[in-house]
Amino acid sequence: MRTKRTAFIAGLVLTGMVIGFLIASAVYAGGGEPGSAADPLVARSYVDEHMASYVEELEKQVAELSDRARQLETALAQLQKQVGLTPIKPGGAVSGSGTGTGTPATSPGSQAGGFQPGQKLYILPENSAVNLRKGPGTSYEKVGTAVRGSGCEPMTVLSRSGDWYQVQLADGRTGWVAGWLMTAS
């Protein structure tokens, strides 16, 4: 009877150990891939390592796309020359549209010195209007339009970023305009 009892206790202990091992394995390994929905708790270093890898890949893609964009702009400029249009200015704006996207090569705003803060600007005569943007570039959202001769002029230069100028219109609105569309007189 004692051996049955010992065997029974040994069986219970062994069964408990097996069940404990299985439960521990499920808890430890059941989380799946670190950072997945099944295991949302991960070490910061793991996240930082994977984010750095992801950002590096995105930066490579951006560089490749930027190179491709420059190639396409060059090809477009060559095609425009062939058909007699004014070639685009690198950065994507096209001349003579009358909507604030032209690129006259001789505009004082696109020359080395450019316009200075406080200076009064006017829309070039060959453009009927210019777009006002939230930031210095065509990728920024359009926030309005300034129409030549509509009381929006003169515009006062507030700041500069490259060939773009933050201006305040005579009616109080502010926005960014392309310097190659503007003149100081």
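The values are calculated or read from the model by the stated rules, or taken from the named source; none is laboratory data. Everything numeric here is computed off the predicted structure, so don't read it as measured data. Counting neighbours? That spans all protein chains shown, and the Cβs are built from the backbone with ideal geometry, glycine included.
Quick check on this structure: which one of Gly162, Gly118, Gly172, Gly151 is out of contact with any Cys (no Cβ under 8 Å at 6 or more places or on another chain) and under 29 Å from Ser66 (Cα atoms)?
Gly162
Could you identify the single residue in Ser95, Ser45, Ser36 that is touching a Lys or Arg at 6+ places or on another chain (Cβ under 9 Å) and either among the small types (Gly, Ala, Ser) or at pLDDT 80 or above (or both)?
Ser95 is the lone residue from the list that is touching a Lys or Arg at 6+ places or on another chain (Cβ under 9 Å) and either among the small types (Gly, Ala, Ser) or at pLDDT 80 or above (or both).
Within region 159-185, how many residues are assigned to a strand (DSSP E or B) and either out of contact with any Phe, Trp or Tyr (no Cβ under 8 Å at 6 or more places or on another chain) or over 19 Å from Gly137 (Cβ atoms) (or both)?
Looking only at that region, the number is 4.
What's the number of the condition Glu141 fails, among (1) modelled with pLDDT of 90 or more; (2) among the acidic types (Asp, Glu); (3) surrounded by 20 or more Cβ atoms within 10 Å (Cβ to Cβ)?
The one condition Glu141 does not meet is (3).
I'd like the full set of residues that are of a type in the set (Phe, Trp, Tyr) and closer than 15 Å to Ala184 by Cβ, limited to region 116-172.
Tyr122, Tyr165
Name the single residue, out of those in region 133-151 being assigned to a loop (DSSP other than H, G, I, E, B) and in contact (Cβ under 8 Å) with a residue 24 or more places away in the chain, that is nearest to Phe115 (Cα to Cα).
Out of the qualifying residues, it is Pro136.
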